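Contents: one structure, followed by commentary.
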Number of protein chains: 6
Amino acid sequence: MVVADDFFLSGLNKPGNTSNAVGSWVTPVNVNQLAGLNTLGISAVRIDYAPYGLNPPHTHPRATEILVVLEGTLYVGFVTSNPANPAMKNKLFTKYLNPGDVFVFPEGLIHFQFNVGKTNAVAFAGLSSQNPGVITIANAVFGSDPPINPAVLTKAFQVEKNVIDYLQAQFWTNIG
Amino acid sequence: MVVADDFFLSGLNKPGNTSNAVGSWVTPVNVNQLAGLNTLGISAVRIDYAPYGLNPPHTHPRATEILVVLEGTLYVGFVTSNPANPAMKNKLFTKYLNPGDVFVFPEGLIHFQFNVGKTNAVAFAGLSSQNPGVITIANAVFGSDPPINPAVLTKAFQVEKNVIDYLQAQFWTNIG
Amino acid sequence: MVVADDFFLSGLNKPGNTSNAVGSWVTPVNVNQLAGLNTLGISAVRIDYAPYGLNPPHTHPRATEILVVLEGTLYVGFVTSNPANPAMKNKLFTKYLNPGDVFVFPEGLIHFQFNVGKTNAVAFAGLSSQNPGVITIANAVFGSDPPINPAVLTKAFQVEKNVIDYLQAQFWTNIG
Amino acid sequence: MVVADDFFLSGLNKPGNTSNAVGSWVTPVNVNQLAGLNTLGISAVRIDYAPYGLNPPHTHPRATEILVVLEGTLYVGFVTSNPANPAMKNKLFTKYLNPGDVFVFPEGLIHFQFNVGKTNAVAFAGLSSQNPGVITIANAVFGSDPPINPAVLTKAFQVEKNVIDYLQAQFWTNIG
Amino acid sequence: MVVADDFFLSGLNKPGNTSNAVGSWVTPVNVNQLAGLNTLGISAVRIDYAPYGLNPPHTHPRATEILVVLEGTLYVGFVTSNPANPAMKNKLFTKYLNPGDVFVFPEGLIHFQFNVGKTNAVAFAGLSSQNPGVITIANAVFGSDPPINPAVLTKAFQVEKNVIDYLQAQFWTNIG
Amino acid sequence: MVVADDFFLSGLNKPGNTSNAVGSWVTPVNVNQLAGLNTLGISAVRIDYAPYGLNPPHTHPRATEILVVLEGTLYVGFVTSNPANPAMKNKLFTKYLNPGDVFVFPEGLIHFQFNVGKTNAVAFAGLSSQNPGVITIANAVFGSDPPINPAVLTKAFQVEKNVIDYLQAQFWTNIG
């Protein structure tokens, strides 16, 4: 039987633990945490940033994100998909955001938020899917299990194998 | 030409003016304010509540809402659609929300938030459409232009005409 | 195993029993009555109206409705969602319909049909969902189980508590 | 500016002219006749059948149809898509319908209605698209402009060319 | 547990057996053969054509098809849905395709491919559904189980019953 | 006026020019090249691979891809989105593909194909959108215009700035 608690979750007032390599943490509220979101096409997150903390470049394969800054100053950006003209580069759109500023990251595009201030920063975001998914680029490309064949990555990034070895040797942690 | 500002809006740090009949204000961030949301299936709002302020019963004809409380204590609820059994009543689901609490209002259902504390309250919400729409029940039913024929409303609400006259004579203002 | 009867239902030739408070009855043909509609995005209803019978203001949270009048004269209308300008009112669109007239009630908007003639009226309607849902405004707002807190409703409708008490004291029945 | 008439159409009380080769007529109410249906995902038709009139085998490429019989007795049916097992045949599901009976024709499947009574028959139907489209099989296959190459049709239908010539020589008219 | 093989299928390098009445074969790769396609909205086919082989007129009730010719010369076409003006005919669009040519068959429209060369032909196609469905017109109309009542077909195709008897007496086989 | 050529494109028989840094080329057939695909939800590509050529890690923000190998041997893979458990790694699914093998890359996930043979390889693929988009990870992350701030990338990839400088200094070209 359906009850009010199926549509309820608490805890978004608690800062996430940003004591990790990138200095940020994402607290998700999607259908995995809140069953009442099923089929309803929306979810939310709280994002905490330590000073100079980074929500590293990532995509949501099934959602657009609308982010509101509550505290701190964030440098945010997203990169467009490949241009029709192969001689052109992918465009980077960036903005400095302060409390009350809103920014949109369109579905599937690589984006990031970087706390450029000396204090903690906090943001809330809505996502246009009950199950948006997250792909942290560094983790998926250099930290997968098993690792991607270095021959693929040396060619993809046009660098020597030792650079790829170095990148794959880092300790990768997801932040939510 | 597309620029970063097409995906940017400022001002959600500013409290809405709650000096109105219901003591609340909704500051919208949808495709009408932020053109970059077009086709992206999401929008957001900031809601301010004076002490005992009410975001009165309303629906979003094209969106589910996920609400996060930032400050204050809200009594929130939604009413289910008509039960299959006509002898049953529409069910009301309610919850008291404190900062960090999240609640979901499924698409198209009547819902409200009421500030039951002595201080201002603030919430942010995401909505699953770039153009969710809002229908404040009292305004749409008793304050439309032109007014709905009182014969319709006396029968619908099963009351004397003077009650409907009284309801239609109130001053109706939308709050965002 | 699938058979022809999975796509069949009988009985829409029988008038609904309009001996109730509002003088109308809705006979639904959606996925709850006709399993073959599952995933197919459509359903239908027959609506019967006694003289001066009313299909009271309601919404379908998940469907647009296209209505065809078979017998009688109906006064029908819907109210638009809140205008962008808070100083403006929600607009009411109305029309008198005679046999053979068609009217559209867009998804999620509050609408009604009122039999303004001295004879029974009958209409058929298609709805753009196999499970459109119905929310009768009066029942959902004033007749829910449990009732909505009168403090919410007095503020929402800007009336004295005794008016709300009176409205909540009526006997509410759904009509299909 | 939007007005009530944008959501209104009259004339579905008038029988269609069934004086044609198949003895039926379809009066459509879709976005081409009723602009207010745009984006709303639904449309309707009135279908008239002379005695022994036929709404010949056809498909709607973008819609499911829910049909209600108002007058007369119809023999209706649809054929399923090709079975996974090539040794099996496409299944035909049929039903005799009388006034008040409802039948569903799933999206894209070939279906027909045949008036098996000695009197006129009338049906209304809803379709799950504002622009459902109609493909009358006989007209599209044997009456297109220009005609399909007879070599294609002799092989497709496994008959002599004179049979195809004969079929292509008939006078084809659409019925709405 | 999900594994790579859930997203894998082999065998599309093998020509289909075209020793049948129409001289063609369709090898499908949809959700029935490849479970990993579930919910992902796409599928594929390989089509083999003997000299003068035909993929006979058919529709996909739930998908658009984009076809690429690998070998041979195909005469392809599709027929539009009924024109708004009943006095007009359904339009046939055709094209001769050689290796490397691409053609689009919009969702739900009747289409065919005919090998007009003296050698085998091969094509690959993508379809916009994990479960597109196929309706071979000849099989569905003249070869269903049970057969469609000849009275329906004589009127639909405006021919004598013996022509319909002849058409229904052919041996119908699906080709994939 | 619509004509057959609106649904036609030639040239997919011509190998793409793989004389570039990664040794592969993608020839697209989407709504930008073939206007008739508009609203139809599908597109296609031809992919050519020189010996040891790589279609480098990339995503399609709006489409699933189904790939068929025509010639050569490809090592292909995709990486899942972040696991719910932050202590787990993103999973890599890989497969060696030979002619006739089919593989699915789900919407929005990072994937690649690597020609592990000594000869050219060719594949065709269908994509579940008329405008799928492509984001080549290396180009979007290290070759955007303007470049992403190195402080973001050093933290994201957990490496020294000189490694990021080196990665950003490569010459990036898109391959289609």
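The values are calculated or read from the model by the stated rules, or taken from the named source; none is laboratory data. Here the structure is a predicted model, which is why all the values come from computation and not from measurement. Glycine also receives a Cβ, built like all others from the backbone with ideal geometry; neighbour counts cover every protein chain displayed. Note: accessible area is taken over every heavy atom of the protein model, side chains too, but ligands, DNA and RNA are not part of it. Shrake-Rupley method; radii C 1.70, N 1.55, O 1.52, S 1.80 Å.
Relative to the other identical copies, D:Ala84 shows label-point distances of 2.9, 2.9, 4.3, 4.3, 5.2 nm, where the label point lies 7 Å from Cα along the Cβ direction and values run shortest first. The mean number of Cβ atoms from other chains found within 10 Å of a Cβ in peptide B:155-164 is 6, as a whole number. Springs between Cα atoms under 10 Å define the GNM used for chain B, and in it the highest mean-square fluctuation of B:Leu109, B:Leu127, B:Leu40 occurs at B:Leu40. Residues of the range F:46-60 whose accessible area, computed with a 1.4 Å probe over protein heavy atoms, drops by at least 40 Å² once all protein chains are present relative to their chain alone are F:Leu54, F:Pro57.
Please work out the average accessible area per residue across the range B:4-110, using the 1.4 Å probe convention, and give it in Å². Could you put the intermediate results ahead of the total?
On the way: 3640 Å² over 107 residues.
Averaged over the residues of the range B:4-110, the accessible area is 34 Å².
Determine the calculated [θ] at 222 nm for chain F from helices alone, applying -39500 (n - 2.57) to every DSSP H run no shorter than 4 residues and normalising by the residue count; nearest 500 deg cm²/dmol.
Numbers: 3 runs with 23 residues, N = 176.
Roughly -3500 deg cm²/dmol at 222 nm, from the helical runs in chain F.
Measuring between their Cα centroids, the range F:121-176 and the range E:138-173 lie 59 Å from each other.
Please say if the range E:15-133 is rounded, prolate or oblate, where rounded means a/c under 1.5 for a ≥ b ≥ c the square roots of the C-alpha gyration tensor eigenvalues, and otherwise the choice is prolate for a/b larger than b/c and oblate otherwise? Write out the running numbers ahead of the final one.
Details: a/c = 1.91, a/b = 1.06, b/c = 1.80.
Verdict is oblate for the range E:15-133.
Annotation for the range D:41-80 versus the range E:63-81: alpha-carbon center distance of 30 Å. Between copies, the label points of D:Glu160, set 7 Å from Cα on the Cα→Cβ line, lie 1.2, 8.3, 8.9, 8.9, 9.5 nm apart, reported in increasing order to one decimal in nanometres.
If only the Cβ of Lys and Arg carry +1 and only the Cβ of Asp and Glu carry -1, the dipole of the protein assembly as shown around its Cα centre is close to 0 debye. For chain F, the carbon plus sulfur part of the accessible surface works out to 54%, probe radius 1.4 Å.
Could you work out, residue by residue across A:109-122, how many beta carbons of other chains sit within 10 Å of that residue's beta carbon, and then give the average as an integer?
On the way: counts 5, 8, 0, 7, 1, 6, 0, 2, 0, 0, 0, 0, 0, 0.
Per residue, the average neighbour count from other chains is 2.
Placing a label point 7 Å from Cα along the Cα-to-Cβ axis, C:Gly11 is separated from the same position in the other copies by 3.6, 4.7, 4.7, 5.4, 6.2 nm, shortest listed first.
Normalised by the number of residues in chain C, what is the relative contact order in percent for Cα pairs under 8 Å and 6+ residues apart?
Details: 378 pairs, mean separation 46.9, N = 176.
Value for chain C: 27 percent.
Spacing of the modelled spin labels on D:Ser10 and D:Tyr52, each 7 Å from Cα toward Cβ, amounts to 3.7 nm.
Shape of the protein assembly as shown from its Cα gyration tensor (a ≥ b ≥ c, root eigenvalues): rounded if a/c is under 1.5, otherwise prolate when a/b > b/c, or oblate?
Numbers: a/c = 2.33, a/b = 1.00, b/c = 2.33.
It comes out oblate by the Cα gyration axes.
Note on D:Asn17 and C:Asn17: the model spin-label points, each 7 Å out from Cα along the C-beta direction, lie 4.7 nm apart.
Partner chain Cβ atoms within 10 Å, averaged over the residues of A:30-38 - can you pull that number for me?
Working: counts 2, 0, 1, 2, 4, 1, 7, 6, 1.
Other-chain Cβ atoms within 10 Å of each residue's Cβ, averaged: 3.
Protein-only accessible surface at a 1.4 angstrom probe places the residues F:Glu65, C:Glu107 in the order C:Glu107, F:Glu65, largest first. Think of the axis that spins chain F onto D; the F residue whose C-beta lies nearest it, and the distance in whole Å, is F:Thr39, 7.
Heavy-atom accessible area buried between chains C and B is around 5200 Å² (1.4 Å probe, both sides summed).
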